[in-house]
Amino acid sequence: MRTNQEQMRGFALITVMFIVTVFASLMGAYFVISRIELSTTRAERNSVSGFYAAEGGLNLRAEQIRQTFVGYNRPEGTTPNLLSPCQDSNQGDGDFACQSFAFGSHQAETFVIEDPTNPVILTIPPGERYQNLNAQEYRYTVRSTATGPEGGNEAILELRFKSRLVPLFQFVAFYNKDLEILPGPTMNLAGPIHTNGDLYLDTGATLNIGGQITTAGSLYRGRKNDASCLNNPVKVIDPLVYKNLPACSGRTLISEASVAPWNGMIQTNVDTVTVPEPEMLDPTPGEIYWDKADLRLVLALNSSNNPDTSKSLTGVEVRKSDDSADLTLTAAMDSCSGSIGGRVANAVTTFYNNRESKNIKMLDVDMLALLNCIDNQDLFGVGKDLNDSSEGGIVFHFTVKGPNSSAAANNYGVRIRNATKLQSTNSGAPTVRGMTVVSDQAIYTWGNYNSTQKIPAAIMGDVYNALSTAWNDANDTLGVNSRVAANTTVYAAILAGTDTTGGVEGSGGQGGAYNGGLENYPRFHENWSGKTFTYLGSFVSLNNPRHQSGAWIYGSPQYTAPNRNWGYDTDFNDAAKLPPLTPRFVYLRQELFVRDYDEEV
C-alpha cells in the first residue's frame, strides 16, 4: 500500500517537474521572443528616426545653398573624397564640407557634391512655373548619413536638386506684396507677372496680359479698396489666343478651377519666392550695390541739413567702399564742368515735391557730364573704364547722407538729368555696355532716359519719380496747370517701393484708399493731359517706400495722368541683355531623392 502511495507521489513529482520544465521553457521562449520583438521594434523605431534625421540634414544643406545664392554669392568649396567621406581629415571645405546636425539622439553627417557642368543657362520649359524665362541653373547633390545612439548607420539618403536664379527684370511686373492693375484706358502688358501676394485686375476699357501670371495669393477681378468691379474685358493669353477672365459684378475671387482653361498660363497659390531685402540698396559697406559700385557719389549734409563743403566744393563727394571720402577723385570730379551750377553733380535744396508737401534736398547729377568726366579723369580708378563688363556694365550708387537719411519720412532725393543717351560724347570714349543706377533714397529722372541707342539699364531707389522734358524747377510750387508736361520716353527697368492700398497689408493705412496701382508706379508731378509717357522696361516693387510715403492722390496739386505707351522690354528675355547686377529670386527644384539600403547597417 505504501509502495503504491510512494509510486503515486513519484509520478506526481515527475509530472509537476515536467510541467515546471515546460512552463519554464515557455517563459524562456516568451522572453526570447519578447526581446527579439523589442529589439526589432527599437531597430524599426531607430530606422525611422534615422531616416527623418537624414532627411533633416538634406533639407538644411539644401537651404544653406539657396541662402548663399540669395545673398548674391555662389557656393564654393571642395567635396570630401567619396571613398571615405567625413572620416578623419577627409572633410572637404567651404560650402561643400562635411557638416553634422543633431536631431535628438541621432546625428546626420552631410556633405555636398557640385555638378561639374555648373552653371547651365536655360529657358524654363513651357508648362513649368516661370515658363520661357531665362535662368541660371546650378545642380547639387547632398548626401546625408544618420547614426543612432549606438553609433551605427541608420539611414543614408541623397537629394539631387537644382537651384534656379531667375532675374526679376524678366517680369513686366513683379511685386513682393499685393499687386493691383486697374488702368482707365486700354493697357497692354506683354510680359509675365508675379506677385507674392494677391492680384487684383480691373480696367476702365480693356486690359491685355500677354505673359504667364503667377500669384502666391489669390486672383481677383475687381478692386481691393472698395470691392467693386467694372466688368470690362480683362484678357490673358493662352498661349497665342487671349481669353477673357470670368465676368464680375463686384470684386470676385477667381478660383483655381476657373483658370484651368489657361493651361498653366495662370497659376495661383504658388510658393512664395524669396527676394532681396530693400536694405540691399543702402550705402553701407557690406551691401551688394554699395560694395560693387564702380562710382559712389554722396551729397554730404551737416547737422543743419545743409551741404557739407569741407571735402568738396559742392558737398558732393566720391566715396570709397569703406564710406570714407576719396579726396583725390572728389577733386578730380570738381574739376569737370557740367550743367548744374557749372558742375557735374551739385546740391539742389529748393525743389518742391507736391506729393510729399516738402522741399527736397537733392543730389543732382548731369549724367552726360559725369560720363565725360569719368573718361577724362579716370574716376573709376586704374584699370577700369566706361566699357567695364565685370557686372554686365557699370554700376553707380548715388545717395544723400545727412541727419535724416534713415528716417521713416525724409526730404532727400537723387535726380538724374541729361541722360537721353547713356554714352560719353568724348572722341574715342569706350562704349558703355549697360548701366544700373542705385540709391536708397527717392530717385527722379528729368527728361528722356536711355531713349537714344538704348542699352541695358536699370534704376533702383526708394521711389521712382518721372519729370518730363518740359519740367522747370521754377514752377514746382505753382498749380498743376502751370506745370505742363511734354512727351517723354524712359527705357529702363525700375525697382522701387510702392504704396499699398490700406497701407501695410490689412492695417487700414491711407484711409483704405487706392494706392494708384501699377499704372501709377511712376510718380508724376505735372499736368500730363494729352501728353504721352513712353516706357519700356520692367516694374519691380519689393516693399513699401522707406523714406517717401506721401499718399497717391489724383489731380491738383499733384498731377494729371499721361497717355501711357508702356511695354515690357523683350530684350530682357536674353540674359546677356539684362542690366548690370539685375536682382533675382532663387527657388529650388528637386530632381531626385534616393535611399541607399546597401550601406546601412
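Within the stretch 359-391, count every residue that is surrounded by fewer than 20 Cβ atoms within 10 Å (Cβ to Cβ) and closer than 21 Å to Asp440 by Cβ.
Here the count works out to 2.
Please state which of the following conditions Ile156 fails to meet, knowing it meets all the rest: (1) under 25 Å from Lys577 (Cβ atoms); (2) touching a residue at least 60 places away in the same chain (Cβ under 8 Å); (3) of a type in the set (A, V, I, L, M).
Exception for Ile156: condition (1).
Can you find, within the stretch 435-460, the residue that is farthest from Gly537 (Cα to Cα) among those that are of a type in the set (Ser, Thr, Tyr) and surrounded by 24 or more Cβ atoms within 10 Å (Cβ to Cβ)?
Ser439
With (1) more than 30 Å from Val70 (Cα to Cα); (2) of a type outside the set (D, E, K, R); (3) assigned to a loop (DSSP other than H, G, I, E, B) as the list, and Asn565 as the residue in question, which single condition is left unmet?
That leaves (3) as the condition not met.
Can you give me the ranges of the strands (runs of 3 or more DSSP E) entirely in the stretch 51-151 with at least 3 residues that are modelled with pLDDT of 90 or more, more than 26 Å from the chain's Cα centre (by Cα) and not assigned by TED's automatic domain parsing to the domain that holds Thr570?
Because the criterion is at least 3 residues that are modelled with pLDDT of 90 or more, more than 26 Å from the chain's Cα centre (by Cα) and not assigned by TED's automatic domain parsing to the domain that holds Thr570, the strands (runs of 3 or more DSSP E) in the stretch 51-151 that meet it are 99-103, 106-114, 134-147.
One residue is enough: does the stretch 547-560 have a residue meeting the conditions of a type outside the set (Gly, Ala, Ser), over 19 Å from Ser357 (Cα atoms) and surrounded by fewer than 24 Cβ atoms within 10 Å (Cβ to Cβ)?
no
Inside the stretch 476-499, can you point out the residues that are surrounded by 17 or more Cβ atoms within 10 Å (Cβ to Cβ), polar (S, T, N, Q) and closer than 11 Å to Glu526 by Cβ?
Thr488
Being among the hydroxyl-bearing types (Ser, Thr, Tyr), farther than 22 Å from Ala419 by Cβ and touching a residue at least 60 places away in the same chain (Cβ under 8 Å) is the filter here; which residues of the stretch 466-484 pass it?
Thr477
Looking at (1) among the β-branched types (Val, Ile, Thr); (2) farther than 15 Å from Leu295 by Cβ; (3) touching a Lys or Arg at 6+ places or on another chain (Cβ under 9 Å), find the lone condition where Val318 falls short.
Among (1) among the β-branched types (Val, Ile, Thr); (2) farther than 15 Å from Leu295 by Cβ; (3) touching a Lys or Arg at 6+ places or on another chain (Cβ under 9 Å), Val318 violates only (2).
Of all residues in the stretch 328-377, how many are under 35 Å from the mean Cα position of the chain (by Cα) and without any contact (Cβ under 8 Å) to a residue 24 or more places away in the chain?
1
Checking His547 against (1) at pLDDT below 95; (2) farther than 25 Å from Ile209 by Cα: exactly one of these is not met. Which one?
(1)
Tell me which of these Ala190 doesn't satisfy, since it passes every other one: (1) crowded, with 19+ Cβ neighbours inside 10 Å; (2) over 25 Å from Ala513 (Cβ atoms).
Of everything listed in (1) crowded, with 19+ Cβ neighbours inside 10 Å; (2) over 25 Å from Ala513 (Cβ atoms), Ala190 misses just condition (1).
The values are calculated or read from the model by the stated rules, or taken from the named source; none is laboratory data. Remember, predicted model here, so these are calculated numbers, not experimental data. Glycine gets a Cβ as well: all are built from the backbone with ideal geometry, and neighbour counts include every protein chain shown.
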